[in-house]
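Heads up, the thing below is written out as structure tokens.
The values are calculated or read from the model by the stated rules, or taken from the named source; none is laboratory data. Computed from a prediction, not measured in an experiment: that's the story for all the values here. In this analysis, Cβ positions are derived from the backbone assuming ideal geometry, glycine residues included, and neighbour counts consider all displayed protein chains. Keep in mind that these areas ignore ligands, DNA and RNA; they rest on the heavy atoms of the full protein, side chains included. Shrake-Rupley method; radii C 1.70, N 1.55, O 1.52, S 1.80 Å.
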Amino acid sequence: MLRRLGLLDFNFLVKRVARHPGKTEIPAGELWLVIDGGVKKWACLSCPGGCGVQISLSLNPERRPRWEVDQDFWQRPTVSPSIHQQKMCRCHFWIRKGMILWSKT
Amino acid sequence: MQTQNPGDDSHIPLEDVSAAIREGRSLRLAHLYRIMVADEQLNERNLDLGDPVPTGRQILQAAGVRPVADYSIYAILPSGEFEDLRLDETYDLRERGAERFVIFQTDRAFKFTIDDRQMEWGKPSISGKILKTLAGVPTDTYDVYLEVRGGGQDVLIRDADLIDLSKPGIERFITLIRDTTEGLAALPEADLRYLDSHGFAVEVVGDGTHTGVVLKQMQLPQGKFNHPAADVLVILPPGYPDVAPDMFFCDPWLTLVSAGRYPTCADQPHAFMGRNWQRWSRHNTNWRPGVDGLHTMIKRIEHALAEAK
Ligand SMILES: [Zn+2]
């Protein structure tokens with residue numbers, strides 16, 4: 001609604017889920033945050049770089065690689081550090097306040 | 001089966017098969033060979049065998065299970081695969097690279113899902129490698145995780161790790177392609193906040209060794225240069241932000257409108273990420289680790305551009 005009114009701009013919004021989606025396809029524009037028992041486990045999205053492969057970012061602070069996801073009042077995610085695909089389309093991007101920032105690496 | 005000669009001095013008392021595998025050497029002649037045997041709960045214990053080429057039956061007997069015919073024994077290969085040992089089949093410890101065995105009664109089925117496909121497994125333990133094989137994914141480019149419900153991180157299962165399927169909560173496995181890495185330049189949060197709040201359009205670039213931050217189309221002092229705006233590159237040194245970035249770089253190259261030439265100390269080229277940059281030699285001696293960051297650097301760049309002669 002806000003987006004339609006031009007007040008809110010985003011490429012991704014957070015949707016909270018309790019279980020990892022497995023091979024379920026994640027709709028473009030959604031970042032599924034897997035939180036179970038209060039533990040943030042995964043952030044899952046379809047690759048925005050064109051290949052559409054499912055990306056699962058580990059939020060486990062004990063493992064590498066690992067990411068952190070915050071969200072603002074409008075459920076727009078900020079993911080850090082950046083996300084770099086090594087195989088498929090090899091894209092590299094940031095997600096800041098729901099927006100994709102492309103990096104040309 | 002081999003005959004042994006206990007009086008032969010060329011035999012050492014005990015050869016640890018796992019140590020030999022770890023050290024990548026072949027087994028030495030010994031009076032006893034130590035292997036690891038796990039039960040159905042995957043409790044492991046050492047077992048010392050007199051024969052380096054035992055049969056399945058010999059290992060079961062040495063493990064003390066009765067009656068032997070009700071039990072099965074599998075060798076766990078270094079790859080994580082299981083190899084079934086028949087009771088009267090010999091197994092050459094000297095050749096196989098396996099030092100772990102698992103013993104269990106076989107007439108049970110264990111149910112779980114991998115990638116939401118139902119699976120049944122006739123053994124209570126399963127390795128990461130077998131899970132991947134069952135899921136039909138390449139073992140070298142995928143990871144398999146055990147889902148943990150209700151407040152724990154999902155557990156990465158390496159190829160040779162063994163999971164006890166008889167435990168409660170062992171129900172769902174997922175495989176994930178190992179394809180995503182953290183980007184090269186994990187810019188400090190303070191820098192990201194600054195760039196965000198000051199409306200800079202930024203590109204983070206890297207050539208594998210150096211990481212660069214490109215400030216896109218930075219506005220230049222009005223009327224001063226031959227272009228109204230330019231891309232400005234800052235190269236982050238290893239150790240940034242505790243270590244200061246040094247010079248900065250512009251593309252397109254800037255000349256002073258008033259003098260019709262390049263500014264002082266800004267006439268050398270620098271190639272980075274396929275672009276030919278104009279190097280501005282402006283050194284930084286007052287960097288404060290933990291305080292300064294891109295905001296400091298951008299202030300310095302703005303100052304240098306304003307003062308350029
Ligand atoms: Zn992609």
>> A:GLY37 - would you say it is at positive phi, buried (at least 17 other Cβ atoms within 10 Å of the Cβ) and not acidic (Asp, Glu)?
In response: no
> B:THR264 is checked against (1) of a type in the set (Ser, Thr, Tyr); (2) farther than 28 Å from B:PRO188 by Cβ; (3) in contact with a strand residue (DSSP E or B) (Cβ under 8 Å, 6 or more places away or on another chain) and fails just one. What number does that condition carry?
Replying inline: (3)
> Residues in region A:59-99 that are open to solvent by less than 10 Å² (accessible area, probe 1.4 Å), of a type in the set (S, T, N, Q) and more than 10 Å from the ligand (Cβ to nearest atom): how many?
Replying inline: 1
>> Any residue at all in region A:19-32 that's among the small types (Gly, Ala, Ser), over 23 Å from B:GLY152 (Cα atoms) and modelled with pLDDT of 95 or more?
In response: no
> Which strands (runs of 3 or more DSSP E) sit wholly inside region B:125-192 and have at least 3 residues that are within 30 Å of B:THR211 (Cβ to Cβ) and free of Cβ contacts under 8 Å to residues at least 60 places away in the same chain?
Replying inline: B:180-182
> Under the condition of being away from the ligand (no atom under 16 Å from the Cβ) and either modelled with pLDDT of 95 or more or touching a helix residue (DSSP H, G or I) at 6+ places or on another chain (Cβ under 9 Å) (or both), which residue from region A:39-58 is farthest from the other protein chains (Cβ to nearest Cβ)?
Replying inline: A:LYS40
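If I filter region B:131-151 down to residues being open to solvent by less than 20 Å² (accessible area, probe 1.4 Å) and more than 16 Å from the chain's Cα centre (by Cα), which single residue comes out as modelled with the lowest pLDDT? Can you show your working first?
We begin by selecting, within region B:131-151, every residue open to solvent by less than 20 Å² (accessible area, probe 1.4 Å); these are B:131-132, B:135, B:144-147.
With more than 16 Å from the chain's Cα centre (by Cα) added as a condition, the list becomes B:131-132, B:135, B:146-147.
Numbers: B:LEU131: 90, B:LYS132: 89, B:ALA135: 84, B:LEU146: 96, B:GLU147: 96.
Top of the filtered list is B:ALA135.
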>> Could you check region B:254-286 and list, in sequence order, the residues that are part of a loop (DSSP other than H, G, I, E, B) and crowded, with 17+ Cβ neighbours inside 10 Å?
In response: B:LEU254, B:THR255, B:PRO263, B:ALA266, B:ARG282
>> Looking only at strands (runs of 3 or more DSSP E) that lie completely in region B:2-60, which have at least 2 residues being modelled with pLDDT of 85 or more, closer than 16 Å to B:PRO78 by Cβ and open to solvent by less than 20 Å² (accessible area, probe 1.4 Å)?
In response: B:30-38
>> Checking the conditions here, which among B:GLU99, B:GLU120, B:GLU83, B:GLU95 is open to solvent by 60 Å² or more (accessible area, probe 1.4 Å), within 27 Å of B:TYR33 (Cβ to Cβ) and acidic (Asp, Glu)?
In response: B:GLU95
> Of the residues in region B:161-192, how many are in contact with a Ser or Thr (Cβ under 6 Å, 6 or more places away or on another chain) and open to solvent by less than 30 Å² (accessible area, probe 1.4 Å)?
Replying inline: 5
>> Any residue that is more than 16 Å from the ligand (Cβ to nearest atom), at the interface with chain B (Cβ under 8 Å from one of its Cβ atoms) and closer than 17 Å to A:TRP102 by Cα - is there at least one of those in region A:20-34?
In response: no
> Taking B:ASP70, is it in contact with a Ser or Thr (Cβ under 9 Å, 6 or more places away or on another chain), at pLDDT 85 or above and open to solvent by 20 Å² or more (accessible area, probe 1.4 Å)?
Replying inline: yes
